[in-house]
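One structure is given here, and the rest of the page talks about it.
What follows is calculated from the coordinates using simple rules that are stated; it is not laboratory data. Fair warning: this is a prediction, and the values are worked out from it, not measured in the lab. Glycine gets a Cβ as well: all are built from the backbone with ideal geometry, and neighbour counts include every protein chain shown.
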Amino acid sequence: MTTHAPQTAHTVTLPGSLDEAVAALAAMPAAVPVAGGTDLMAAVNSGLLRPAALVGLGRISEIRGWQYQDGHALLGAGLTHARIGRPDFAALIPGLAAAARAAGPPQIRNAGTLGGNIVTSAPTGDTLPVLAALEATLVIAGPGGARREIPVSHLLAGVEMLRPGELIGYVRVPLLHAPQTFLKATGRTGPGRATASVAVVLNPARREVRCAVGAVAPMPLRPLEAERWVASLIDWDGERGLAPEACAAFGEYAAAACIPDPPQPADGTEPLTLPPAALHLRRTVAALARRALGRALA
Amino acid sequence: MTAGMADAAGAGAVPPADGGGAGAPGPAPAEPAPHGIGVSLPPADAPAKALGVFPYAADLWAEGLLWAAVLRSPHPHARIVSIDTSAAAAMQGVRAVVTHADVPGDAAHGRRVADRPVFASDLVRHHGEPIAAVAADHPDTARLAAAAIAVEYEVLEPVTDPEKAFAAEPLHPDGNLIRHIPLRFGDPEAAGEVIVEGLYRIGRQDPAPIGAEAGLAVPRPDGGVEIYTASTDPHADRDLAAACFGLEPERVKVVVTGVPGAMGEREDPGMQLPLGLLALRTGHPVKLTATREESFLGHAHRHPTLLRYRHHADAEGKLVKVEAQILLDSGAYADSSADSLAAAVAFACGPYVVPHAFVEGWAVRTNNPPSGHVRGEGAMQVCAAYEGQMDKLAAKLGLDPAELRLRNALATGDLLPTGQTVTCPAPVAELLRAVRDFPLPALPKDDPEGDWLLPGGPEGAGEPGAVRRGVGYGVGMVHMLGAEGADEVSTATVKIHNNVATVICAAVETGQGFSTLARQIVQEVLGVEEVHVAPVDTDQPSAGPAARGRHTWVSGGAVERAARMVRTQLLQPLAHKFGMSTELLTIADGKITSYDGVLSTTVAEALDGKELWATAQCRPHPTEPLDDTGQGDAFVGLAFCAIRAVVDVDIELGSVRVVEMAVAQDVGRVLNPRQATARIEAGITQGIGAALTENLRTSGGLVRRPDFTGYTLPTSLDAPTVRIVKLVEERDVVAPFGAKAISAVPVVTTPAAVAAAVRAATGRPVNRLPIRPQSAVGAPA
């Protein structure tokens, strides 16, 4: 029994290298690249997408691991969430490992990839706030062995797009050798989509706290003022601890920045307030940010 | 009924959980392998299901089959101006397109009232209502063709607020009020010293069967059709299909395939009927497997309910009067809403003695998704409300919530507000004491280094300092079998040949364990180990729907009677030969022995190659409809349960994790301990879904996110530790084996208990299910 449409003859190419994959996409402009397929195949099965051909990225071993490059890690886009969640990776980039472990049930984590999570750009994508906080850079492979780099936030914001025939090859992430945390709120105890998530990354070399809030907007948001304010309070050369009140204030500050009050009427009439659901979301972000910072500084 | 019902628990049998009294010691000899009533016989199909080789309807195949697709309405309320199927019919590979104009028989159907069209003809009344169906030689072709049917709609304003349905334009020629029950019991002037009021809202739980609806229809040479599907009420589905196809019932056969999850009446006639029509039209087998979205749109949901309560009590906490208004959102069609309303109104006061009760219940039509029979219907919604009221009353009186409940507990001999005397065992106080006195689980703060699963999940956002623990009680009740004069009957046939017995009964195994129970009954009565249960189809006599614990009672009773008749046929010649009555002979392990052990023969020898058959029926005592003041002996039997829920709430995020559910249940008699445990655990998990996450959201009548990402079911991490503290085995003398249905009452009671525990943890009112995180955010300590 087959459930494939009779009128579409599927071509599946399984290239062995990034350049072969780019070449395959150039040869078949209608082809769609597929890695873990956790988002793509759901769209195919529901009839939203009918790819004329597929270029499978699963056999490209060069993008399924990582390498080190002058203080950075060059992560292959084909790294699965399961691999990222393992302890050896967590020792390198703990925030990304925590996000990958929180990203759905084991079946999804075994298949879903880092590159896929970026390309899908879902607001609830769990690795995205961590990548935003890390200020990761994407290494894009193009035709003829071309490589170009764009910040992950540019792709997520739509400032720069992938051009036809391009693939995300690697994600360049700084190795900061400091605590990182990722926390998310979901509707249930078991795996679920984030209603809000917060990543906090410390960069002691530059005395920075970087925070990104996921799931509350189409792309992760950075509360930059709150970051700078809280970084100025931390004794970077000492214990790095912070009073609970300061962490709480950081949470409120970050939450108010990501979920701002509606613009107030200028004529002095009744001030506008957020609806209860948005207020709850703001409280949630504040609690997550406070906890995430507290754990990072603990 | 208990004569000869020896407890056959032998060596190795799992004893029933604490509660004892697994049956009077009878003359049962030692059994080598445990079988019969009261042992944990494993289900025969369990290995195949665990290995994934069990064939469900979606796995069926027939030579030359066509694939069907159903076109469903994208609007909740619209007038159909025109339907143009020509583009779809002209597509290559399309074999037939059917609409309302192609229904040869009755254009409408329904479980109680025939108010639901096979295909919408002039008016669409809910999102996802079937409009047309296509058969094509490939499933994608069928879906594309269905999408190519051009329907012109005049979109109408949907009625989505049930409170506005009374005054709204009628959505149906029958009007918007499906049923109104004004229950009047006692003195309307009675008043208590203490009064508490509350408004409660219950969401729309979906049955969410893991296997979505699927079916295969095969045309018969006689012009009839056979429908292979996971029906839980095959005879009713057959009759409904035959009427719509314009055929005699004998020419339509429903064959029941494996049921991949059911909690009430499974299967969507909006899928079976198009399937049968297309098979009749094309002369080919036609198959359809619903997508998850279609499944959410097509089948019936639990009634969203709005409840307003006023409880009066005296200073000691004895209830004086309960006033309630209950409004059920039935969706567009009546389905079984009248039955759900009867249960909601009759059990509006819960398992408590209430001298005066005034309850107004309404079931109304709206353009929301259809509501229907889902396990514990009516009873679950009111349980969440009356238990919320009991908590409020306890808080107002400064009483312990369990103590307040105990002071009002219902017992055998008391009256329900319907005027019916409770004649069955009603050990409400005993159940409540059992859960109250059970030791509480440890607290995270006593062992902060322990491996706690906090709200938010493993490695999640939960922080011990923000977690508050709450303990709450819920006591619930349900009725068993159809109510209000429904003719509850089941027919079963038992056959024995060469030491192998076969049961033929059209009771569908939905996972409730009927086929295992049938084997246990026959093992018990005929003393043979090998018992087969035949697959179900509508050529067999009707056993009625698999719902409301019916099959344990009526079909189990029918199987037992048939088995006893076979036993008599088997033993009579021997008894005659030995010159003793059949009562002095026992059968065990395939051997027939006289009471004194002197005479002995085997079943195979006694049969001497003959086949023995017997058919019997079980029909419990009749009931009567509720009258126009809500009075009447409407129910055959009642079952009760008490649950103590222990929850951890992250009071900053409002995330809830149920830590432990301690259950005490009135089961009559444990027939299969392992299955009893499994049914209780399953019911509690489903109840936790209703309490915390499961709500099929709509906006303006449109279903939002009909998938398992948007509709969140409990996972294994959400399922709590279930402690079965006590199973009270007080036999119900009118029920076969004295057993009560197990599955429904934990579903009914769980949401109330969880809400009570969240109330205790947060100090918030918690009057809405599922409990939203913003309602579970507590005041910081």
Fill in the blank from the handout: If each part is reduced to its alpha-carbon centroid, region B:381-433 and region B:81-120 end up apart, in Å, by 50 Å
Problem - Three-way shape label, region B:609-731, alpha-carbon gyration tensor, a/c 1.5 - result: prolate
Problem - Environment charge of residue B:141, counting only residues whose C-beta is closer than 14 Å and scoring Lys/Arg +1, Asp/Glu -1 - result: +2
Fill in the blank from the handout: Cross-link reach from residue B:321 to aspartates and glutamates, straight Cα distance under 18 Å and at least 8 residues apart if same chain, gives B:187, B:189, B:193, B:197, B:360, B:387, B:391, B:414
Completion exercise
Taking alpha-carbon centroids only, region B:577-621 lies from region A:17-32 a number of Å equal to 77 Å
Exercise for the section: Write down the Kirkwood hydrodynamic radius of the protein assembly as shown, to one decimal in angstroms, obtained as one divided by the mean of 1/r over all alpha carbon pairs. Expected result: 31.8 Å
Practice task
Give me the angle, in degrees from 0 to 90, between the Cα long axis of helix A:276-297 and the longest principal axis of the Cα atoms of chain A, rounded to the nearest 10.
Solution key: 90 degrees
Handout entry: In region A:124-231, the GluC sites (Glu not before Pro) that fall in loop regions by DSSP, at most 16 other Cβ within 10 Å
Key = A:160
Fill in the blank from the handout: As a Kirkwood estimate from alpha-carbon pairs, region A:8-298 has a hydrodynamic radius in angstrom of 20.1 Å
Completion exercise
At the level of C-alpha centres, the distance separating region B:449-516 and region B:702-781, in angstrom, is 12 Å
Handout entry: Prolate/oblate/rounded call for region B:383-513, Cα gyration tensor, a/c under 1.5 rounded
Key = oblate
Handout entry: Enclosed volume per residue, in Å³, of the convex hull spanned by Cα atoms of region B:27-134
Key = 250 Å³
Handout entry: Rounded to 5, the percent of DSSP beta bridges in region A:8-298 classed as antiparallel
Key = 85 percent
Handout entry: Within straight-line cross-link reach of residue B:287, lysines at Cα separation under 16 Å, skipping those fewer than 8 residues along the same chain
Key = B:253
Practice task
Treating cross-link reach as a plain straight distance, find the lysines whose alpha-carbon is under 20 Å from the alpha-carbon of residue B:740, omitting any fewer than eight places away in the same chain.
Solution key: B:726
Practice task
For each of B:463, B:213, B:530, count neighbouring Cβ atoms within 10 Å of the residue's Cβ, then give the residues from fewest to most.
Solution key: B:530, B:463, B:213
Exercise for the section: Anything in chain B that counts as a DSSP H helix reaching 27 Å or more along its axis (C-alpha) with Kyte-Doolittle mean of at least -1.0? List them, would you? Expected result: B:556-578, B:744-762
Exercise for the section: Quick one: angle between helix A:18-27 and the longest Cα principal axis of chain A, in degrees between 0 and 90, rounded to 10, please. Expected result: 60 degrees
Fill in the blank from the handout: Neighbour-count ranking for B:61, B:613 (other C-beta within 10 angstrom, fewest to most) reads B:61, B:613
Problem - Rounded to 5, percent antiparallel among DSSP beta bridges of the protein assembly as shown - result: 80 percent
Completion exercise
Computed over region B:489-618, the relative contact order (Cα-Cα under 8 Å, seq sep at least six) in percent reads 36 percent
Handout entry: Rel. contact order, % - alpha carbon contacts under 8 angstrom, at least six apart, chain B
Key = 16 percent
Exercise for the section: Sketch the reach of a paramagnetic label on residue B:589 as a point 7 Å from Cα along Cα-to-Cβ, and name the residues of region B:526-545 whose backbone nitrogen lies under 20 Å away. Expected result: B:526-531
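Kirkwood Rh, chain B, all Cα pairs: how many Å?
On the way: mean 1/r = 0.0364 Å⁻¹.
Evaluated on chain B, it is 27.4 Å.
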Completion exercise
The residues B:663, B:525, sorted from fewest to most surrounding Cβ atoms within 10 Å, come out as B:525, B:663
Problem - Cβ-based net charge around residue B:283, under 12 Å, with every Lys or Arg adding one and every Asp or Glu removing one - result: +3
